[in-house]
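Beneath this line is the structure, given in structure tokens, with notes to follow.
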Amino acid sequence: MLGASAVEISASIESGIRESALAPGDLLPPVRALAADLAVSPATVSRAYAELRRRGLIVTAGRHGTRVRPRPPVAARRAALRPPPAPGLRDLSRGEPDRRLLPPLGRHLAALAGAVGDPVSYSDLGVLAEMTEVAAARLAADGVPTPGLTLTSGALDGIERLLGAHLRPGDPVAVEDPGWASLLDLLAALGLRPIGVPVDDDGPVVVAVAAALAAGARALIVTSRAQNPTGAALCADRAGDLRALLTARPEVLLIEDDHAAELARVPLHPLAGATTHWAFLRSVSKPFGPDLRLAVLAGDETTVARVAGRVRVGAGWVSTVLQRLVLSLWADPEVSALVDRAAESYERRRRALVAALADRGLPAHGRSGINVWVPVDDETSALTTLRDAGWAVDAGALYRVAGPPGLRVTVSDLHEEEIPALADAVVRAAHPTLSPHFTA
């Protein structure tokens, strides 16, 4: 780290992240120590760190010091990307769908190649009329109104555009705690301040949402079901209580993320329309493939118009080729059957792991989706113990604002015959004082 001014010091640290000299999670020197090394005032280093925090590159966590964020918003050299798993290590950390259960695209792409007509111009591009009609019908079947509808390049792209259309840097945002790690990284990059809202199996705790709104949160982001990382899903009663709370706070921007969509095996209980400005996002990536960067965004007319306008002056549109591919997948009964089998498989494996942990005296959370959240005494110790036993899972610190420690286990690549051994290892790692209970 070099520099004689706050600008030079912050640029040096950013360069270190970009060049992989500073890795995600690396500890930075204390302010006074770095100031002494560089022969500058502590105030200069403090300004440099403040700028890096504002831009979401670093995070300060009290006595744990100042560190590079787990996913800082600056591209690093390819060598710094996630390395392949070690030989013999079962990797259950990635949070991705099972590739074996994703629909093959070849036949649909071939049919699309024959169906696409002459090249189109910029003025012809946008949301296809057929996409609007079909997407609105699919949402209506789940009780989601569509006074306005547009497309974004995935759920996170939609959330970023929604926040940019309604909020300004420094604004507080109520988010689930634990919650989606990528969302927390996005808020940091946008200069927004997260207010953590505890989550139980039925979704965000109502009194905590009320407290966050009373503390000034200008937006609330809720996962409808298959919440990442806990698997929470809004039940009817919780949704009703939240709607009543939000109806009294019409100025709050409400964002719902239904990323699991067709993979969810629990009913949808939407909050759509509870506030003046709201949006409901449904991505196609989890059921149909991560490379299909398309999400349907429904919302009030003003919010949708703002998002569509931002798309128009930026990327312009979501590719009509991609739109036609998604329409083809939605219309194929064989694809629907495959997605249904995938949902059943995830449900079976997730439930089996939660049950196996419960049988061994360790409560875990996983009501829906592809992840299980396991409370632990100490994340670092638990991760090390599991890795030594041959299992890689994700650190809960990536997903927490202020909540207690935990681990995220993804079941999409987990074989059913592995569950007993994994459960034994997790129990030993989570609470070393407990002995796994073995059943005949």
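Some points to look at:
- Residue range of the chain that is longest and free of GluC sites (Glu not before Pro) which are both DSSP loop and sparsely packed (at most 14 other C-beta within 10 Å): 20-250
- Cα gyration tensor shape of segment 373-437, rounded if a/c is under 1.5, else prolate or oblate by comparing a/b with b/c: oblate
- Among Gly366, Gly164, Gly203, residue whose mean-square fluctuation peaks in a GNM of the chain (springs only between Cα atoms under 10 Å): Gly164
- Ordering 204-217, 227-240 by mean Cβ neighbour count within 10 Å, with the highest value first, yields 227-240, 204-217.
- DSSP-defined beta bridges in segment 210-313 - what % are antiparallel, rounded to 5: 35
- Shape of segment 297-339 from the C-alpha gyration tensor: oblate (a/c of 1.5 or more and a/b not above b/c, with a ≥ b ≥ c the square roots of its eigenvalues).
- Here the chain carries DSSP beta bridges of which approximately 55% are antiparallel, counting only pairs with both residues inside.
- Cβ-derived FRET efficiency at R0 51 Å, Asp340 paired with Val313, nearest 0.05: 0.85
- Theoretical FRET efficiency, 1/(1+(r/R0)^6), r = Cβ-Cβ of Ala331 and Arg32, R0 41 Å, to 0.05: 0.05
- Note on Arg351/Ala136: beta-carbon distance plugged into 1/(1 + (r/R0)^6) with R0 of 30 Å gives a FRET efficiency of 0.35.
- Rg to Rh quotient for segment 310-418, alpha carbon positions, Kirkwood Rh: 1.13
- P(r) tail fraction, segment 219-265 - alpha-carbon pairs more than 11 Å apart, %: 69
- Protein accessible area in segment 164-211, 1.4 Å probe - carbon and sulfur %: 61
- Split the accessible area of segment 286-355 by element, probe 1.4 Å, and carbon with sulfur accounts for 52%.
- Structure-derived P(r) over Cα pairs in 10 Å bins from 0, in percent: which label, when the choices are (1) 4, 17, 24, 22, 15, 11, 6, 2, 0; (2) 4, 19, 28, 27, 16, 5, 1; (3) 4, 15, 16, 13, 12, 12, 10, 9, 6, 2, 0: (2)
- GNM result for the chain, Cα springs below 10 Å: residue of Ser12, Ser285, Ser121 fluctuating most strongly: Ser121
- Heavy-atom surface of the chain, accessible at 1.4 Å and reported per residue (Å²): 45
- Kyte-Doolittle mean at least 0.0 and Cα axial length at least 15 Å: DSSP H helices in the chain: 6-18, 129-140, 155-166, 301-313, 320-331, 419-430
- In this structure, the amide hydrogen of Asp200, modeled 1.01 Å from its nitrogen in the peptide plane, lies closer than 5 angstrom to those of Val205, counting only residues at least 5 positions away or on a different chain.
- Per residue of the chain, the DSSP helices (runs of n ≥ 4 H) give a summed -39500 (n - 2.57) that works out to -12500 deg cm²/dmol at 222 nm.
- In a fully extended conformation the segment linking Asp200 and Ala39 would gain 53.0 nm over its present Cα-Cα distance, using 0.36 nm per residue.
- Phi to ³J(HN,Hα) by Karplus 6.51 cos²θ - 1.76 cosθ + 1.60 over segment 193-204, Hz, x for Gly, Pro: 9, x, 10, x, 10, x, 10, 10, 5, 9, x, x
The values are calculated or read from the model by the stated rules, or taken from the named source; none is laboratory data. Because the structure is predicted, anything quoted here is derived from the model rather than measured. Glycine gets a Cβ as well: all are built from the backbone with ideal geometry, and neighbour counts include every protein chain shown. Each accessible area value is taken on the protein alone, full model and side chains, heavy atoms only, with ligands, DNA and RNA left out. Shrake-Rupley method; radii C 1.70, N 1.55, O 1.52, S 1.80 Å.
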